[in-house]
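Nothing in this text is a laboratory measurement; each read-out follows from the coordinates by a stated rule. Every value quoted in this text rests on a predicted model; they were computed, and no experiment measured them. In this analysis, Cβ positions are derived from the backbone assuming ideal geometry, glycine residues included, and neighbour counts consider all displayed protein chains.
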Amino acid sequence: MEDGTCIQAETSIEIDKNLEPQKGHGKEIRSKMHIAGYVYKPLEENKCEVTYISQIDPQGNVGKLANKGEKKVAQRIEVMRQIAKDHHL
């Protein structure tokens, strides 16, 4: 966008139901992410605001999904922070 704001969009993919579960994953219930994404808005030099938005059907236990989702978002933001630092952005 003209002000430097960037948007990243994501969605779920269909997985072959005949695949064996990965080791250690047991019989997890997978959620369906209809759409999700990040909005990165520049503020001042070396600072930006990151907003995460999602529309998810948990298809099961909301507590586990919410906890797992929060951790993943935090991990992604930390990775983005490290990339920006490494590249002097």
Q) HN-Hα J couplings of region 78-84 from phi, Karplus 6.51/-1.76/1.60, θ = phi - 60°, integer Hz, Gly and Pro as x? A) 5, 4, 4, 4, 5, 4, 4
**Q.** Karplus-derived 3J(HN,Hα), 6.51/-1.76/1.60, for each residue of region 48-58, Hz, glycine and proline x
**A.** 8, 9, 10, 10, 10, 10, 8, 10, 10, 9, x
Q. Sorting HIS34, HIS87 on the 10 Å Cβ count, fewest up front, what's the list?
A. HIS87, HIS34
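In nm, what is the difference between 0.36 nm times the number of residues separating GLU10 and LYS85 and their Cα-Cα distance? Intermediate results must be reported in sequence, preceding the final value.
Details: separation 75, 0.36 × 75 = 27.00 nm, distance 2.44 nm.
Once the chain is fully extended between GLU10 and LYS85, it gains 24.6 nm.
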